[in-house]
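**Student:** Below you'll find the structure I mean.
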Amino acid sequence: MALSLREAVDCAADRLKRADVETPKRDASLLLAHVLTSETSILYREPERQLTETEQEAFDALIERRARREPVSHLTGHREFWSLDFLVGSDVLDPRADSETLIEAVLSEVQEGFEVSRILDLGTGSGCLLLSLLSELPEATGVGVDVSEKALAIARRNAERLGLAQRAEFRHGRWHDGLEECFDIVISNPPYIPASDIKELQTEVREYEPHLALIGGEDGLDCYREIIAGLNAILRPGGLIVFEVGVGQALMIGEMLQKAGFIRAKYHKDLSGTSRCVSAFQGK
Ligand SMILES: C[S@@+](CC[C@H](N)C(=O)[O-])C[C@H]1O[C@@H](n2cnc3c(N)ncnc32)[C@H](O)[C@@H]1O
């Protein structure tokens, strides 16, 4: 017998709960809305509407994958970041709400008079940071670099879909290697999880997100060391660096920047009160 939308969500939420999924009802609702190519509000507007056999089969298949802890965003192929819709998948880090702290940090400097026309995003992944900034700064252009060609392919598609491809260029490479230009701002959310912590991550992250996007060497700081070593050569005098950092890493990164000659380090908190970003200006 065909299930109503309400019954289908309840039944799927039970299945996800048994699989230890953290937010079973929310995930079941999002996946059902995805199958119906609708917003989740349809579940409140038409709770008694019956699922067709095809819809039920498609929903069951997604719920089974979610029960194996595949992230919702990989199942729908989309993630909202900075109120923009990004394509995502197993080749890129799933954009995190915490990373919006970096966008806010840059925009607050711009509001205080810092002038930006060229932005460099090191480890661009889905392109979410660079593209969100370009959406806010209509005069700016930027370059996103990643060592993963597969990630770059997704970033380029995101730029096209958001109408930003004319202002965003995506290049394959290791951090700033081979870049000869000077930028006004460098932003980066590099991999920062210490290698030994990987086993403690949620299954969704450990099993389904690219480890290249997660692990930052033994102490989690390897990528910051590499990036900071070449920063002076690619930032214009007085230019701005903004890093996202892991929990407990902010002061260490601030010190590394100061040792490299950067000044006016600031620490920016995310919504949970964790120091999530460090910014500083080139000292020349
Ligand atoms: C933590 S993810 C950040 C992705 C995206 N910027 C975001 O905030 O969602 C780090 C990114 O750095 C890239 N990466 C890792 N090592 C790299 C390297 N040596 N050079 C360039 N990119 C690298 C990974 O492929 C991944 O896309």
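The values are calculated or read from the model by the stated rules, or taken from the named source; none is laboratory data. Predicted model only: the values in this text are computed from it and were never measured. Glycine also receives a Cβ, built like all others from the backbone with ideal geometry; neighbour counts cover every protein chain displayed. Note: accessible area is taken over every heavy atom of the protein model, side chains too, but ligands, DNA and RNA are not part of it. Shrake-Rupley method; radii C 1.70, N 1.55, O 1.52, S 1.80 Å.
**Student:** Using the heavy atoms of the protein chains and a 1.4 angstrom probe, tell me the accessible area per residue for the chain in square angstrom.
**Tutor:** Numbers: 13750 Å² over 284 residues.
Spelled out: the 1.4 Å probe surface of the chain, per residue, equals 48 Å².
**Student:** Using a 1.4 angstrom probe and counting only protein chains, how large is the accessible area of ARG15 in Å², to 10?
**Tutor:** 70 Å²
**Student:** What is the P(r) of the range 134-284, as percent of Cα-Cα pairs per 5 Å bin from 0?
**Tutor:** Histogramming the range 134-284 at 5 Å steps yields 2, 9, 16, 19, 21, 19, 11, 4, 0, 0 percent.
**Student:** Output the peptides 201-214, 220-233 sorted from most to least packed, where packing is the average of other Cβ atoms within 10 Å over each peptide's residues. Kindly include the intermediate steps, with their values, before the conclusion.
**Tutor:** Working: 201-214: 16.0, 220-233: 18.3.
In descending order of packing, they fall as 220-233, 201-214.
**Student:** Shifting gears a bit: Over the Cα atoms of the range 98-211, how large are the radius of gyration and the largest Cα-Cα distance (Dmax), in Å?
**Tutor:** Cα-based Rg and Dmax for the range 98-211 come out at 14.9, 44 Å.
**Student:** Here is a further query. Could you list which residues have their amide H under 5 Å from that of PHE170, counting only those 5 or more apart in sequence or on another chain, with H placed in the peptide plane?
**Tutor:** So PHE170 has HN proximity to GLY144.
**Student:** Please list the non-local residues whose amide H lies under 5 Å from the amide H of LEU235, H modeled 1.01 Å from N, same-chain partners needing a gap of 5 or more.
**Tutor:** Placed amide hydrogens put PHE183 under 5 Å from LEU235.
**Student:** Using the per-residue mean of other Cβ atoms lying within 10 Å as a proxy for protection, in what order, highest first, do the peptides 33-43, 57-67 fall? Can you show the working numbers first?
**Tutor:** Numbers: 33-43: 15.5, 57-67: 17.9.
Final packing ranking: 57-67, 33-43.
**Student:** To continue, here is another question. What part of the accessible area of the range 82-282, given as a whole %, is carbon or sulfur when the probe is 1.4 angstrom? Can you show the working numbers first?
**Tutor:** Numbers: 4460 of 8870 Å².
Ligands and nucleic acids excluded, carbon and sulfur give 50 percent.
**Student:** Principal axis lengths of the chain from Cα atoms, whole Å, largest first?
**Tutor:** Computed over the chain, the largest-to-smallest principal extents equal 72, 41, 33 Å.
**Student:** If you rank HIS172, HIS268 by how much accessible surface each has, with a 1.4 Å probe, what is the order from largest down? Don't jump to the answer; show the numbers that get you there.
**Tutor:** Values: HIS172 105, HIS268 30 Å².
Of HIS172, HIS268, the descending order of accessible area is HIS172, HIS268.
**Student:** Taking the mean number of other Cβ atoms within 10 Å as a proxy for protection, how do you rank 24-30, 184-190 from highest to lowest? Please report the intermediate quantities before stating the final value.
**Tutor:** Details: 24-30: 20.1, 184-190: 23.7.
Top of the packing list down: 184-190, 24-30.
**Student:** If you don't mind, there's one more thing I want to ask. Rounded to the nearest 0.05, what FRET efficiency do LYS269 and ARG156 give with R0 = 41 Å and r taken as the Cβ-Cβ distance? Could you check? Walk me through the numbers on the way to the answer.
**Tutor:** Values: r = 32 Å, r/R0 = 0.79.
It comes to 0.80.
**Student:** Divide by every residue of the chain the summed helix terms, -39500 (n - 2.57) for each DSSP H run of at least 4, and state the resulting mean residue ellipticity at 222 nm, rounded to the nearest 500 deg cm²/dmol.
**Tutor:** Details: 12 runs with 112 residues, N = 284.
It comes out at -11500 deg cm²/dmol, rounded to the nearest 500.
**Student:** Please compute one quarter of the surface area of the Cα convex hull for the range 5-68 and express it in square nanometres. All intermediate terms of the calculation are to be shown ahead of the outcome.
**Tutor:** Working: hull surface 14.6 nm².
Mean shadow area of the hull around the Cα atoms is 3.7 nm².
**Student:** Just to be sure I follow the rule: in the chain, considering lysines 8 or more places apart or on different chains, how many pairs have Cα atoms under 24 Å apart? Please list the in-between numbers first.
**Tutor:** Values: LYS17/LYS25; LYS17/LYS199; LYS259/LYS269; LYS259/LYS284; LYS266/LYS284.
Lysine pairs meeting both conditions in the chain amount to 5.
**Student:** Based on Cβ point charges of +1 for Lys and Arg and -1 for Asp and Glu, what charge dipole magnitude is obtained for the chain about its Cα centre, in debye rounded to the nearest 20?
**Tutor:** It works out to roughly 340 debye.
**Student:** Further, regarding this structure: Counting only the heavy atoms of the protein chains, how much of TRP175 is accessible to a 1.4 Å probe, in Å² to the nearest 10?
**Tutor:** We get 40 Å² for TRP175.
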